[in-house]
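*Asks:* There's a structure below that I have some questions on.
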Amino acid sequence: MREFIEVTGKTEEEAVAKALAQLGLDRDDVSVEILERAKSGFLGLGSCPAKVRVSYGEETDDAPVSQEEPQAPQTAAPAPKQEKKQEKSAERRPEKKKEPKQPAVKETPAPQATQDLGEEVNDEKAAAIRTFLSGLLEQMESPAQVRVYLPEKGRYKVILEGENLGALIGRRGETLDAIQQLTSYAVNRSASGRVRVQLDAEGYREKREQSLQHLARKVAGKVTKYRRSVTLEPMNAYERHVIHTALQDVPGVTTYSTGTEPNRRVIVAYDREKQ
């Protein structure tokens, strides 16, 4: 049975923290619905605390559940006499010749369209990017070819090409993000102007963005159907931006971020005013 408690606090985060402390549960064990947002008022007058509903326990029938494969209906075991008759008839019945199974035809996946980035650039910033990354990858014992493009002024797109680049990507792109930040810092130390560096390997950025957009649409559907807020897993600033952008025009849904880095999360909430 799905149970819930309603708790108030000065802010939504404080109310959620009180509920978790009262229940002795972690954030991932509950779902949070914001009933009333905190209002500061004017000079202390008209202020209103935040009020949240924290649900816990097993989901009820009206909550979203994972689909399970249908089970075959159980039939009563046949009586002993019937079993004997079936065995005799099976002995008399001639065996049918088994036809050889046809090998399954594997479908060839359609080639993915690559982004047209134009020709590689060889200006001062591009040379600095290549020099820094080549040295860093050599120290990491992860050989890869560094290709630098300039799709727009002030933004350098860096593609790492090679085999087995999963170690450079890391879990949810954490290693790739760290290398990107180091490269950006190294390149922008000079006084020749700041530029933006975006690093990618094996098309991870595009795949991750498509995955986040799909997740955002799926969660938005649940929020509007059950009118219940959903808190997503911790994400970096870029990934949170993808979620906010994907749902900014979706009716009945609003998004905002909560928490502190590196555990800052996006909350997808039901909004009656956007219906």
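Any read-out appearing in this document is the output of simple, stated calculations on the displayed coordinates, not a laboratory observation. This structure is a prediction, so every number in the text was calculated from the model and none was measured. Quick reminder, even Gly has a Cβ in these numbers, built from the backbone with ideal geometry, and neighbours come from all protein chains shown.
*Asks:* Would you please classify the overall shape of region 189-275 from the alpha carbon gyration tensor, given that a ≥ b ≥ c denote the square roots of the eigenvalues, rounded means a/c under 1.5, and beyond that prolate means a/b larger than b/c while oblate covers the rest?
*Replies:* Prolate is the answer for region 189-275, as a/c is 1.5 or above and a/b outweighs b/c.
*Asks:* If you average the C-alpha positions of region 171-229 and of region 230-275 separately, how far apart do those two centres end up, in angstrom?
*Replies:* 15
*Asks:* Which of 190, 229 comes first, and how do the rest follow, when ranked by fewest Cβ neighbours within 10 Å?
*Replies:* 190, 229
*Asks:* Show me the trypsin sites (Lys or Arg not before Pro) within region 157-217 that DSSP assigns to loop and that have at most 16 other Cβ atoms within 10 Å of their Cβ.
*Replies:* Qualifying residues, ordered by number: 189, 194.
*Asks:* Can I ask one more? Evaluate the charge dipole of region 206-274 about its Cα centre and quote only its size in Debye, nearest 20, assuming +1 on the Cβ of each Lys and Arg and -1 on the Cβ of each Asp and Glu.
*Replies:* Computed charge dipole of region 206-274: roughly 360 debye.
*Asks:* Among the DSSP beta bridges whose two residues both lie in region 124-202, what percent are antiparallel, rounded to the nearest 5?
*Replies:* 50
*Asks:* Then there's this: Using a Förster distance of 22 angstrom, determine the FRET efficiency expected from the C-beta separation of residue 153 and residue 244, and round it to 0.05.
*Replies:* Efficiency, rounded to the nearest 0.05: 0.30.
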